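K.L.:
Dropping a structure here in structure tokens format, bear with me for questions.
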Amino acid sequence: MESSSIRHIIQNIPKAELHLHIEGTLEPDLLFSLAAKNKVSLPYSSPEAVKAAYTFNNLQEFLDIYYAGASVLLHEEDFYLLTRAYLHKAHEQKVVHTEMFFDPQTHTSRGIPFGTVIRGINRAREEAHAELGITSHLIMCFLRHLDEASAIKTLQQALPWKDSFLGVGLDSSEKGNPPSKFRHVFEMAKAKGFMTVAHAGEEGPAGYIDEALDLLNVDRIDHGNRSVDSPELVSRLRERQLALTMCPLSNLKLKVHTDLSQHPAKRLMEQGVLVTVNSDDPAYFGGYVNENYMALAEALHLNATDIATLAGNSFKASFLDPITKNQWLQTLHDQYGPKDTNTQ
Ligand code: ADE
Ligand code: ZN
């Protein structure tokens, strides 16, 4: 199939986004305008200079710049503007449901109250739902380069806002910070009824994915690229239909893979794993969700059926209620499923 018709399908097919850091949607223009408004100095002369500086050799080089960028977010209005911009962009790309990560410790460590962050994000979510119909959930991530005591303190701080987010996650520097470091806080979060996810096997080994499953009891794995190193793990993911939220352009920019033709998404799909495609930190990695679908389709020669499978997987793997999930799956089946060739 021609790439123009694949592009058309990608642009128009309803989809959910399940791996998106709201702080990673801070576009250079908004970064600059918030820095000016909040009198935060930046080490760049212009938004163009910012874009030119976004080249990374690994996850840590990116994280250093990403945390520096987040320092312009001070007020409720800033979190509102950030979230609003992403939700409008997602809506343009036919994202009908999104499950967004936020990193409270990045903000509370700078003296920003937890409530300021969540009120701003929630205002944008409610407004976008009313205006655009887009639904969203929030997942609060713990920063794994910090200790577990800090994560536990963050969970306790978040409890007055527990109805605003439905899950907890684990992100930041993976190497040297295994899931086992956070087993108690994940147990506490599970006991409170939260869904759980964790970044694993992005730069870290397949063993970190096993740990996230065995010790954190996660409901999804974020990234999970290194699962291909372990046939036992791939079987486990397939049998449990435990989803991977993969992010191809992120993997390319952070040099997890030197070329997208090496990306394991298609191999894993062929082995029955529930693979989804997402944008991670689109302002830093050069594309929102549709650009990620398109880059993967071009590199791995995905066809229309593969795209429909990926969009279907995004709903299957979501934390939507079963009725809504099935409604979206039915819509996809009606619009993009195999056509009945019987003309009688
Ligand atoms: N925080 C934001 N993006 C991340 C990524 N790709 N991996 C780990 N932590 C992150
Ligand atoms: Zn991520």
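K.L.:
Can you give the charge dipole size of the range 295-344 about its Cα centre, rounded to the nearest 20 debye, using +1 on the beta carbon of Lys and Arg and -1 on the beta carbon of Asp and Glu?
P.N.:
100
K.L.:
Can you say what percent of the DSSP beta bridges in the chain, counting only those with both residues inside, are antiparallel? Round to 5.
P.N.:
Counting only bridges with both partners in the chain, antiparallel ones make up about 0 percent.
K.L.:
Do you know the relative contact order of the chain, to the nearest whole percent, from alpha carbon pairs under 8 angstrom that are 6+ apart?
P.N.:
For the chain, the relative contact order is 20 percent.
K.L.:
Under 20 Å from a point 7 Å along the Cα-to-Cβ line of ARG110: which residues of the range 170-209 have their amide N that close?
P.N.:
Residues 171-173 qualify, since their backbone N sits under 20 Å from the label point.
K.L.:
Under the Karplus relation 6.51 cos²θ - 1.76 cosθ + 1.60, θ = phi - 60°, what is the ordered set of whole-Hz ³J(HN,Hα) values for the range 319-328, x standing for Gly and Pro?
P.N.:
9, 5, 5, x, 5, 5, 4, 5, 4, 5
K.L.:
Please sort 110-117, 175-182 by packing, taking for each peptide the average over its residues of neighbouring beta carbons within 10 angstrom, highest first.
P.N.:
Per-residue mean Cβ counts within 10 Å order the peptides as 175-182, 110-117.
K.L.:
In the chain, with Lys and Arg counted as +1 and Asp and Glu as -1 at Cβ, which of these residues, VAL185, LEU296, LEU332, has the Cα nearest the positive end of the dipole, that is, farthest along it?
P.N.:
The listed residue farthest towards the positive side: VAL185.
K.L.:
Using alpha-carbon pairs under 8 Å, 6+ residues apart, how would you state the relative contact order of the range 1-97 in percent?
P.N.:
Computed over the range 1-97, the figure is 48 percent.
K.L.:
Based on the mean of other beta carbon atoms within 10 Å per residue, what is the order of 274-285, 153-164, 63-74, most packed first?
P.N.:
274-285, 63-74, 153-164
K.L.:
Take the alpha carbon atoms of the range 289-344, find their radius of gyration, then divide it by 2.2 N^0.38 Å using N residues; give the quotient.
P.N.:
The value comes to 1.31.
K.L.:
Further, regarding this structure: Any idea what angle helix 231-240 forms with the longest principal axis of the chain, computed on alpha-carbon atoms, 0 to 90 degrees, nearest 10?
P.N.:
90
K.L.:
If you don't mind, another one. Taking each pair of distinct Cα atoms in the chain once, what is the resulting Kirkwood hydrodynamic radius in Å?
P.N.:
20.3
K.L.:
If you don't mind, another one. Lysines near LYS175 by alpha-carbon distance under 18 Å, same-chain residues fewer than 8 away left out - which ones?
P.N.:
Answer for LYS175, where 18 Å is the Cα cut-off: LYS253, LYS255, listed by chain and number.
K.L.:
Further question: If you fit an axis through the alpha-carbon atoms of helix 114-132 and take the longest principal axis of the Cα set of the chain, what angle between them do you get, 0 to 90°, nearest 10?
P.N.:
40
K.L.:
Apply the Karplus curve 6.51 cos²θ - 1.76 cosθ + 1.60, θ = phi - 60°, to the phi angles in the range 162-175 and return the couplings in whole Hz, x for Gly and Pro.
P.N.:
Those phi angles translate into 4, 6, 8, 9, 10, x, 10, x, 9, 9, 5, 4, 7, 4 Hz.
K.L.:
What are the residues whose amide H is under 5 Å from the amide H of ALA243, where those residues sit 5 or more places off or on another chain and H is modelled from the backbone?
P.N.:
ILE221
K.L.:
Can you pull the one-decimal nm distance between simple spin-label points at ILE323 and GLN271, each 7 Å off the Cα toward Cβ?
P.N.:
My value for the distance between the label points is 3.8 nm.
K.L.:
Something else about it: Which order do the peptides 37-50, 231-244 come out in when sorted by mean C-beta neighbours inside 10 angstrom, highest first?
P.N.:
Top of the packing list down: 231-244, 37-50.
K.L.:
For SER136, enumerate residues with amide H under 5 Å from its amide H, sequence gap 5+ or separate chain, H modeled in the peptide plane.
P.N.:
Long-range HN contacts for SER136: THR98.
K.L.:
For PHE101, list long-range residues whose amide hydrogen, built 1.01 Å from N in the peptide plane, is under 5 Å from its own amide hydrogen.
P.N.:
Residues meeting the amide H criterion: LEU20, HIS21, ILE22, ILE139.
K.L.:
Also, quick follow-up: What does the extension gain come out to for SER235 and HIS91, with contour length at 0.36 nm per residue minus their alpha carbon separation?
P.N.:
Result: 48.4 nm gained on full extension.
K.L.:
Follow-up question, since we're still on this one. Roughly how many debye, to the nearest 20, is the charge dipole of the range 249-344 about its Cα centre, given +1 on each Lys and Arg Cβ, -1 on each Asp and Glu Cβ, and no other charges?
P.N.:
Dipole about the Cα centre, nearest 20: 160 debye.
K.L.:
Okay, moving on. Which whole-number percentage describes the relative contact order of the range 244-344, with Cα contacts under 8 Å and a sequence gap of 6 or more?
P.N.:
25
K.L.:
Okay, next question. How far, in degrees from 0 to 90, does helix 3-12 lean away from the longest principal axis of the Cα atoms of the chain, to the nearest 10?
P.N.:
Taking Cα atoms only, the helix is inclined about 60 degrees.
K.L.:
Quote the FRET efficiency, to the nearest 0.05, computed for THR331 versus GLU131 with a Förster distance R0 of 30 Å and r equal to the Cβ-Cβ distance.
P.N.:
0.90
K.L.:
Okay, moving on. Just the projected area, averaged over all directions, of the convex hull on the alpha carbon atoms of the range 211-344: how many nm²?
P.N.:
Orientation-averaged projected area of the Cα hull: 9.8 nm².
K.L.:
Enumerate the calculated ³J(HN,Hα) couplings along the range 91-98 in order (Karplus 6.51 cos²θ - 1.76 cosθ + 1.60, θ = phi - 60°), each rounded to whole Hz, writing x wherever the residue is Gly or Pro.
P.N.:
4, 4, 9, 6, 7, 9, 8, 9
K.L.:
If R₀ is 45 angstrom, what is the calculated FRET efficiency for the pair HIS75 and HIS257, using the beta carbon separation as r and rounding to 0.05?
P.N.:
Approximately 0.70, to the nearest 0.05.
K.L.:
Find which of GLY176, HIS145, GLN156 sits farthest along the positive direction of the dipole of the chain, computed with +1 on the beta-carbon of Lys and Arg, -1 on that of Asp and Glu, about the Cα centre.
P.N.:
Result: GLN156, furthest along the dipole toward the positive end.
K.L.:
Moving on to the next point. What length, rounded to one decimal in nm, is gained on full extension from SER46 through to ASP64, with 0.36 nm per residue of separation minus their alpha-carbon distance?
P.N.:
4.6 nm
K.L.:
Would you mind working out the magnitude of the charge dipole of the chain relative to its Cα centre, with +1 at each Lys and Arg C-beta and -1 at each Asp and Glu C-beta, to the nearest 20 Debye?
P.N.:
The dipole magnitude comes to about 360 debye.
Since every read-out is calculated from the coordinates, none of them should be taken as a lab result. Since the model is a prediction, treat every value here as computed from it, not as a measurement. All Cβ positions, even for glycine, are placed from backbone atoms using ideal geometry, and neighbour counts span all protein chains on display.
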